Amino acid sequence: MNRNFTLAGALAAVLPLALTGLGPASASEPSARAAAPYTVTAKANIKTAVAKEDTVRVTGRVAPRAAGQQVVLQQRLEGKNKWNVSGTGRIKKNGKFVLTDDPRTPGTRFYRVLKPASGKTKAGTSKELEVVVYRWERLTSRSAGPTENLTFGSVDIATDSYPFSLSTREADAPGSVEYTLGRKCRTLRATYALTDASPSGSTGTVTVSTDGAGRVSNALTIGTVVEDQEISLTNVFRLRFDVASALGGVAAIGTPEVLCTR
């Protein structure tokens, strides 16, 4: 009798402890599931953009859907670790979102979408999206390399003024100038003509070369205006202009611009 009583008492003491140990483990499983982060997928409409012209449009989806809640578009510049807010939006009933950004400065940047934590669901972010932003800038604002018989300033072509231009300083003498672009530019845009100061009957030429290879040569006479001609500068390290004139002509490169990341 005493031995049976002792065994029963021991079991009664151990069983509650065992049950107590099982209780928290089973309760922790739904808690762990509730603490999972949001899943955010995103993609950008473009991989390259022109500052002040193009809009970066980022679309994607959040799971769980979290309809009506906010998502945040963030961006950071290449070489930087800090993420800055570019805009916010609301999640639709189907879990999708649309966010936009209008880049104003050139350079490579990375975007991501953040869904802040809500309730028991942790914050989640999308993968980074890389976008290279170019910007039009005056070529003459960049440092010039070797320069011969060319002057910088405003010129008149067909009664219109072209600021920030290049033109021959001494008539009937060749001129040239070089610019280092460092493979950071995509397009050259310029107007080529004899200035209104050139006498009737005068002529001229402007030849554009990239990395030692001639790309285009424009023959000029009074009344000939090659306006806003564009040339690809993809992977170009050095840009060169060679200018010549005859019979007193003043050949000009009107308001040259380059589309560059920097």
>> From the list R57, R90, R65, R104, exactly one residue is open to solvent by 70 Å² or more (accessible area, probe 1.4 Å) and within 18 Å of A36 (Cβ to Cβ). Which is it?
In response: R65
>> I'm trying to understand the selection: among the residues of region 210-224, which are part of a strand (DSSP E or B) and open to solvent by 20 Å² or more (accessible area, probe 1.4 Å)?
In response: A213, G214, R215, V216, S217, A219, T221
> Looking at region 148-169, which of its residues are assigned to a strand (DSSP E or B) and either open to solvent by 70 Å² or more (accessible area, probe 1.4 Å) or small (G, A, S) (or both)?
Replying inline: E148, F152, G153, S154, D156, D160, S161, F164, S165, S167
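To keep it simple, each residue is scored yes or no on (1) modelled with pLDDT under 95; (2) closer than 23 Å to R142 by Cα; (3) in contact with a Cys (Cβ under 8 Å, 6 or more places away or on another chain).
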{"position": "L181", "(1), (2), (3)": "no, yes, yes"}
{"position": "A197", "(1), (2), (3)": "no, no, no"}
{"position": "T221", "(1), (2), (3)": "no, no, no"}
{"position": "Q229", "(1), (2), (3)": "no, yes, no"}
{"position": "L233", "(1), (2), (3)": "no, yes, yes"}
{"position": "D242", "(1), (2), (3)": "no, yes, no"}
{"position": "G254", "(1), (2), (3)": "no, yes, no"}
>> Being at pLDDT 95 or above, open to solvent by 80 Å² or more (accessible area, probe 1.4 Å), on the phi > 0 side of the Ramachandran plot and of a type in the set (D, E, K, R): is that true of K52 here?
In response: yes
> For region 170-180, what are the residues that are closer than 16 Å to T210 by Cα and open to solvent by 20 Å² or more (accessible area, probe 1.4 Å)?
Replying inline: E178, T180
> So F152 clears everything in (1) touching a helix residue (DSSP H, G or I) at 6+ places or on another chain (Cβ under 9 Å); (2) in contact (Cβ under 8 Å) with a residue 24 or more places away in the chain except one condition, right? Which one?
Replying inline: (2)
> Out of the residues in region 225-255 that are assigned to a strand (DSSP E or B), of a type in the set (A, V, I, L, M) and open to solvent by 30 Å² or more (accessible area, probe 1.4 Å), which is farthest from Y179 (Cα to Cα)?
Replying inline: A246
> Looking at (1) touching a Leu at 6+ places or on another chain (Cβ under 6 Å); (2) closer than 18 Å to D156 by Cα; (3) open to solvent by 40 Å² or more (accessible area, probe 1.4 Å); (4) touching a residue at least 60 places away in the same chain (Cβ under 8 Å), which is the only condition R186 fails?
Replying inline: (2)
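The values are calculated or read from the model by the stated rules, or taken from the named source; none is laboratory data. Remember, it's a predicted structure, so these values are computed and weren't measured experimentally. FYI the Cβ positions are ideal-geometry reconstructions off the backbone, even for glycines, and counts take in every protein chain you see. Ligands, DNA and RNA are stripped out before the accessible areas are found, and what is left, the full protein with its side chains, is counted by its heavy atoms. Shrake-Rupley method; radii C 1.70, N 1.55, O 1.52, S 1.80 Å.
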